[in-house]
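Read the structure below first, then the notes.
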Amino acid sequence: MRVETPDFELTETLDADIRRAADRIREARHLLVLTGAGLSVESGIPPFRGKGGLWTKYGEPPLDGYQRFVADPAGAWRTLLNPTEPWMTALRETVAAAKPNAGHRALAELEALGHLRCLITQNIDDLHRQAGTRALAEIHGNATLYRCLGCCRRFARDELAIDPEDLPPRCPDCRGIVKADTVSFGEPIPEDVLSRCFAEVARCDCMLVAGTSATVYPAAGFPVEVARSGGVLLEVNPEPTELTPLATVSLQGPAGAILSRLLHWVRDASGEGGS
Ligand code: APR
């Protein structure tokens, strides 16, 4: 599996900026992290936009995927069980092979050190959970789970037998229609995770945003809300985004190397040492 390890030079200027960002993290009362597809690029999963992006290569899928599912859930399940869209097979194969990278591990360690209140991710690849992050809001769902549209109960894949002759699968609790937990285009964000995100953002005084083009709402609105209410915004991205002008500190580089260095300075100043 090809793993993106972008050539990257840690200049003195960038390292000084990373130290400034580490200071803001230590001062924060309610630090949130928002991640996007860029976090998993170094685990071999392509992003959606920009260089090597799935939408860049195959075009954005139709924005009414959810409406199509509701109109014909059995047909949608047959497509899900036998995908033909190249972007879907590319995403499915790379997610299945992917392992957490240094960026996921650094964020899990930031939580273990007591600095991180919640990590909001747009990624469906389960890598933050596998890296050990516990306070996790998966705003676009999790590809390893199913979800009942009736009662919002989530099932691990091995909890619910899918019979290709009896589609769509039904919830054993409420008999509601079950779909993949991954939020489809046009689907409302599930109420439980959305209200948690809003509650966390309302208390946030510092947000670290890593690996997102900040183009898809409501997630893209969270950092703008934090900046607008006077909070600190820290951005990690090899490219500038719409958030860059709002950022207190903008760290241009790959998440794996930057977040590992950020963790080093967070640990170092609090005398916890570390590699
Ligand atoms: N480290 C950090 N960031 C990176 C890296 C890297 N190694 N490589 C690329 N990036 C950045 C890109 O510069 C880009 O800004 O990651 C970002 C990826 O942007 P998108 O592909 O748009 O992904 P994301 O922002 O998560 O998209 C949001 O759009 O299609 C929907 O549901 C999909 O959750 C997704 C949402």
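For the range 25-47, indicate whether the set of residues that are crowded, with 21+ Cβ neighbours inside 10 Å, over 15 Å from the mean Cα position of the chain (by Cα) and either closer than 21 Å to Leu262 by Cα or among the aromatic types (Phe, Trp, Tyr) (or both) is non-empty. Let's see the steps before the verdict.
Taking the range 25-47 first, the residues crowded, with 21+ Cβ neighbours inside 10 Å are 25, 31-43, 45, 47.
Applying the additional criterion that residues be over 15 Å from the mean Cα position of the chain (by Cα) yields 25, 31.
Filter again for either closer than 21 Å to Leu262 by Cα or among the aromatic types (Phe, Trp, Tyr) (or both), leaving 25, 31.
Within the range 25-47, one or more residues are crowded, with 21+ Cβ neighbours inside 10 Å, over 15 Å from the mean Cα position of the chain (by Cα) and either closer than 21 Å to Leu262 by Cα or among the aromatic types (Phe, Trp, Tyr) (or both).
Tell me which residues, restricted to the range 17-47, are in a loop (DSSP other than H, G, I, E, B) and small (Gly, Ala, Ser). Write out each step before concluding.
Kept after step one, since they are in a loop (DSSP other than H, G, I, E, B), are these residues of the range 17-47: 28-30, 36-37, 42-47.
Within the range 17-47, Ala28, Gly36, Ala37, Ser43, Gly44 meet the criteria.
Within the range 100-144, take every residue that is within 15 Å of the ligand (Cβ to nearest atom) and charged (D, E, K, R) and give me the one that is surrounded by the fewest Cβ atoms within 10 Å (Cβ to Cβ).
So the residue we want is Asp126.
Can you pull out every residue in the range 48-88 that is outside any loop (DSSP other than H, G, I, E, B) and β-branched (Val, Ile, Thr)?
Of the residues in the range 48-88, the ones outside any loop (DSSP other than H, G, I, E, B) are 54-58, 65-71, 73-81, 86-88.
Listed by number, the residues that qualify are Thr56, Val70, Thr79.
Is it true that some residue in the range 223-233 is assigned to a helix (DSSP H, G or I), within 12 Å of the ligand (Cβ to nearest atom) and closer than 18 Å to Glu200 by Cα? Talk me through it step by step, then tell me what you get.
Initial filter on the range 223-233 (assigned to a helix (DSSP H, G or I)): 223-228.
Pick out the ones that are also within 12 Å of the ligand (Cβ to nearest atom) and you get 223.
Still in the list and also closer than 18 Å to Glu200 by Cα: 223.
Yes, some residue in the range 223-233 is assigned to a helix (DSSP H, G or I), within 12 Å of the ligand (Cβ to nearest atom) and closer than 18 Å to Glu200 by Cα.
Could you tell me whether any residue of the range 189-196 is in a loop (DSSP other than H, G, I, E, B), surrounded by 13 or more Cβ atoms within 10 Å (Cβ to Cβ), free of Cβ contacts under 8 Å to residues at least 24 places away in the same chain and within 12 Å of the ligand (Cβ to nearest atom)? So that I can check it myself, show each step before the final result.
Here is the first cut: in the range 189-196, the ones in a loop (DSSP other than H, G, I, E, B) are 189-190.
After this cut, where a residue has to be surrounded by 13 or more Cβ atoms within 10 Å (Cβ to Cβ) as well, the list is 189-190.
Right, trim to free of Cβ contacts under 8 Å to residues at least 24 places away in the same chain and you get none.
No, the range 189-196 contains no residue that is in a loop (DSSP other than H, G, I, E, B), surrounded by 13 or more Cβ atoms within 10 Å (Cβ to Cβ), free of Cβ contacts under 8 Å to residues at least 24 places away in the same chain and within 12 Å of the ligand (Cβ to nearest atom).
With (1) more than 12 Å from the ligand (Cβ to nearest atom); (2) modelled with pLDDT under 95 as the list, and Phe69 as the residue in question, which single condition is left unmet?
If we test Phe69 against (1) more than 12 Å from the ligand (Cβ to nearest atom); (2) modelled with pLDDT under 95, just (2) comes out false.
Just wondering, is there one or more residues in the range 117-128 that are more than 15 Å from the chain's Cα centre (by Cα), in contact (Cβ under 8 Å) with a residue 12 or more places away in the chain and under 26 Å from Val33 (Cβ atoms)? If you could, list the steps in order and put the result at the bottom.
As a first pass, look at the range 117-128 and keep what is more than 15 Å from the chain's Cα centre (by Cα): 117.
Right, trim to in contact (Cβ under 8 Å) with a residue 12 or more places away in the chain and you get 117.
This time we only want the ones that are under 26 Å from Val33 (Cβ atoms), so: 117.
Within the range 117-128 (the criterion being more than 15 Å from the chain's Cα centre (by Cα), in contact (Cβ under 8 Å) with a residue 12 or more places away in the chain and under 26 Å from Val33 (Cβ atoms)), the answer is yes, since at least one residue qualifies.
Looking only at residues that are touching a Leu at 6+ places or on another chain (Cβ under 9 Å) and surrounded by 18 or more Cβ atoms within 10 Å (Cβ to Cβ) in the range 77-99, which one is nearest to Gly150 (Cα to Cα)?
The extreme case among them is Trp77.
Filter the range 197-217 down to the residues that are within 11 Å of the ligand (Cβ to nearest atom) and touching a Leu at 6+ places or on another chain (Cβ under 7 Å), then identify the one that is nearest to Ser40 (Cα to Cα).
Filtering the range 197-217 down to residues within 11 Å of the ligand (Cβ to nearest atom) leaves 209-217.
Now restrict to residues that are touching a Leu at 6+ places or on another chain (Cβ under 7 Å): 209-212, 214.
Details: Val209: 14, Ala210: 10, Gly211: 8, Thr212: 11, Ala214: 16 Å.
Taking the candidates together, the pick is Gly211.
The values are calculated or read from the model by the stated rules, or taken from the named source; none is laboratory data. This structure is a prediction, so every number in the text was calculated from the model and none was measured. Reconstructed Cβ throughout: ideal geometry from the backbone, glycine too, with neighbour counts over all protein chains shown.
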